[in-house]
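Down below is the structure, laid out as structure tokens.
The values are calculated or read from the model by the stated rules, or taken from the named source; none is laboratory data. Just so it is clear, the model here is predicted, and its values are computed rather than measured. Don't worry about glycine lacking a Cβ; one is built from the backbone with ideal geometry, like all the others, and counts go over all protein chains shown.
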Amino acid sequence: MNIEELKQQFVNKYGKGEVSVYFSPGRVNLIGEHTDYNGGFVFPCALTFGTYCLIRKNDKKSFHFASLNVENEADITIDQLTEPVGNEWFNYPLGVIAQFVKKGKTPDIGADLLFWGNVPNGAGLSSSAALEMVTGVAINDIYGYAEERVELVKMGQMAEHEFAGVHCGIMDQFASGMAHKDHALFLNCDTLDYEQVPVKLDGVKIVIGNTNSPHKLDSGMYNKRVAECKAAVKAIQPFKSIKQLGELSWEDFLEVQDKIEDETVRKRARHVISEIKRTRDAVDALKAGKLEKFGQLMNGSHDSLRDDYEVTGNELDTMVEEARKIDGVIGSRMTGGGFGGSTVSLVKDEAVDAFIEQVGRNYEARTGLKPEFYVAEVGEGSHKVC
Ligand code: GLA
């Protein structure tokens, strides 16, 4: 749907008049998985698909939430903005508005909102972060709240914690809110220092493969991994004073790993610390134009997520296995939280068609699921469209 069509839909629903349009993208993480909530490094970029929010203040004491993707709508009065409503989709925008209220920025008047997104849900491409960020940026702008962008990112993350129950790190909201076109964000999730690194992939495309696996990012399994990382920190603390796993170098880990008695917890820590090293190495490789090296690190990332972190599952593993059989594939891994979702592969231009055809066919034959592929364009973070 284009902007004019979206505006027409808004007018059909809420009546004629001015309307503001905002956009926030989904993201694909190139490397650095399950490191963000451990104070480690990540390396995501924004996509060109994402979520639009059309918004106009109304003259009521309530916010109206509607979406062109789902049927349920809601009218929430200003005194109810801090309460989640069941498992409804509008908890994401509501959860963000709740963060403004908590800062003492309670709107004096309501607004009408209409959302439309083209990030596939449950594909591990951060449709929820896109929805949170687009709400934060829109509300901040039309109510003149003057929050810094990075503050809006943190508010999006809090909305996810409090209104969706996922104790996520900051990567997805940061990528959606802060990334620049044709750049990936090399983000230190402890300090929030970051660098915009140009994604110059001469002769190579980023191909996303959506497994269309029915398992969605399961908040239970995700939160369990967060807890296992905390258990690793606790086991290490008597020997080394750390607050999070990201403070350990790989060499530090080799010294203390035997102190972690629980084998599962040790494996989780091994993934996190090795992944942080792979992420730094991958950024160096990209800057030096060493794409083959970058691809090997992506492969290493997947294998560690499969064997040590155990968040891949049959569909993601099958798609990655099939991808790696294709000539011209430089690297392939799962991206995002895992447990279903998508893979990201670096594929030479001349191999892209064969990749989509063969990986698609073999994946479907082995899993019974029809996948989807997108040749990713690296897009711009949250912004006002008009
Ligand atoms: C999800 C979370 C992120 C991050 C990734 C795994 O996308 O929302 O914060 O932890 O999983 O890297």
> Can you name the residue in the stretch 225-266 that is closer than 26 Å to S342 by Cα and loosely packed, with under 15 Cβ neighbours inside 10 Å and, of all such residues, is farthest from the ligand (Cβ to nearest atom)?
Replying inline: T264
>> Just to confirm my filter: which strands (runs of 3 or more DSSP E) fall fully inside the stretch 98-205 and include at least 1 residues that are polar (S, T, N, Q) and crowded, with 20+ Cβ neighbours inside 10 Å?
In response: none
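Residue by residue, here is whether (1) closer than 27 Å to Y374 by Cα; (2) in contact with a strand residue (DSSP E or B) (Cβ under 6 Å, 6 or more places away or on another chain); (3) within 16 Å of the ligand (Cβ to nearest atom); (4) of a type outside the set (D, E, K, R) holds:
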{"position": "V119", "(1), (2), (3), (4)": "yes, yes, yes, yes"}
{"position": "G136", "(1), (2), (3), (4)": "no, no, yes, yes"}
{"position": "G144", "(1), (2), (3), (4)": "no, no, no, yes"}
{"position": "R149", "(1), (2), (3), (4)": "no, no, no, no"}
>> List pairs: first residue in the stretch 210-234 and under 27 Å from N118 (Cβ atoms) and modelled with pLDDT of 95 or more, second residue within 14 Å of the ligand (Cβ to nearest atom) and assigned to a helix (DSSP H, G or I) anywhere in the structure, Cβ distance under 7 angstrom, at least six positions apart or on different chains.
In response: T211/L316
>> Between a residue in the stretch 143-168 that is of a type in the set (D, E) and at pLDDT 95 or above and any residue that is within 16 Å of the ligand (Cβ to nearest atom) and assigned to a loop (DSSP other than H, G, I, E, B), which pairs come within a Cβ distance under 9 Å, given they are 6 or more apart or on different chains?
In response: E160/V166; E160/H167; E160/C168
